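A short reminder: the numbers here are calculations on the coordinates, not readings from a lab. Just so it is clear, the structure is predicted and the values come from calculations on it, not from any experiment. Positions of Cβ are backbone-derived with ideal geometry, glycine not excepted, and every protein chain shown enters the neighbour counts.
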Amino acid sequence: MGPMGQRLALRVLVPLFRASLVALLLAAGCAEKAKLPPLGADAVLLAFGDSLTYGTGANEEESYPAQLARLAGRRVVREGVPGELSAAGLARLPAALEEHQPRLLLLCHGGNDLLRRQSKTQAADNLRAMIRLAKSRGVEVLLIGTPEPGFSVTPPGFYAEIAKEFRIPYEGDVLGMILKDGSLKSDQIHPNAKGYRLMAERVLELLRKAGAV
C-alpha cells in the first residue's frame, strides 16, 4: 500500500476506532451506574469463575472472595475452578445456585477462553446465558471482566457490552491494573495476595456505588 492508500485507510479507520472507543466507554459508564438492591447482613454472595476466583497464586484465605467477605461483612462463597472454560462454567452454575441460594452472583469468567484462543462470540454467549440463568432465579449479578492476552491487558469489549445490555454493575479495570504491576501478581496471569486484596477492594467499591452495601 502506497502513502496515499495509507492516508486513506487512516481517514477511514481512525473515526471507526474513536466511535468504538466512545461506545465502550459509554457502556462501562452505564454499567458503573447500575444499581443493586441492598444486601442484608445475612445475604450470600456467590463468587463464581475460574482460577482468578479460586485464588491461584495465594492461600485460600487470601483469595479475593475471602478478602471481600472480611471487607464487606457478608458471606462470600468461593466457587472457582482453575482452567475452566465458560461452557463448563455455564454447565456448573445451576447446581451452585441451587446449593448456595445467593442474593448476588459475582461473575468473573471467560479468561481461559481468551487464553486458549476460543471463540469470543461463544464466550460472550456463555456469559449471557449465565446472567440470564441467575436473573431467572432472582439473583442479581455483578460482572468482572478478564483481560485478553496482549500488550494492552484489557478485557475484550464484549464484557462492557454485556454489562450494558443487562444493566448490571461492571468492574473492567482491576485485573488489568494488577497484571501490569509485578508487585501485585504471582505469575503472568494470576494476582498474589496483595493483588487479590485490590480486586476485593474494587469489587466492594462497586457494590457500594450500586447501593448493595
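One table, with the values for the structure above:
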read-out	value
Local net charge near Pro155, Cβ-Cβ under 9 Å (Lys/Arg +1, Asp/Glu -1)	-2
Amide H contacts of Val213 (H built 1.01 Å from N, under 5 Å, at least 5 apart or other chain)	Leu39, Arg208
Segments 202-208, 184-190 sorted - mean Cβ within 10 Å per residue, highest first	202-208, 184-190
Above-threshold pairs, the threshold being 25 Å between Cα atoms, out of Lys33/Lys135; Lys164/Lys209; Lys120/Lys209	Lys120/Lys209
Viscosity 1.002 mPa s, 20 °C: Kirkwood-radius Stokes-Einstein D of region 3-209 over Cα pairs, µm²/s	123 µm²/s
Taking Glu60, Glu171 and counting other C-beta atoms within 10 Å, the order from fewest to most	Glu60, Glu171
Rel. contact order, % - alpha carbon contacts under 8 angstrom, at least six apart, region 91-213	19 percent
Karplus-derived HN-Hα couplings along region 166-174 (A = 6.51, B = -1.76, C = 1.60, θ = phi - 60°), whole Hz, x at Gly and Pro	9, 6, 10, x, 9, 10, x, 10, 5
Normalised contact order of region 3-209, rounded percent, pairs of Cα under 8 Å and 6 or more residues apart	26 percent
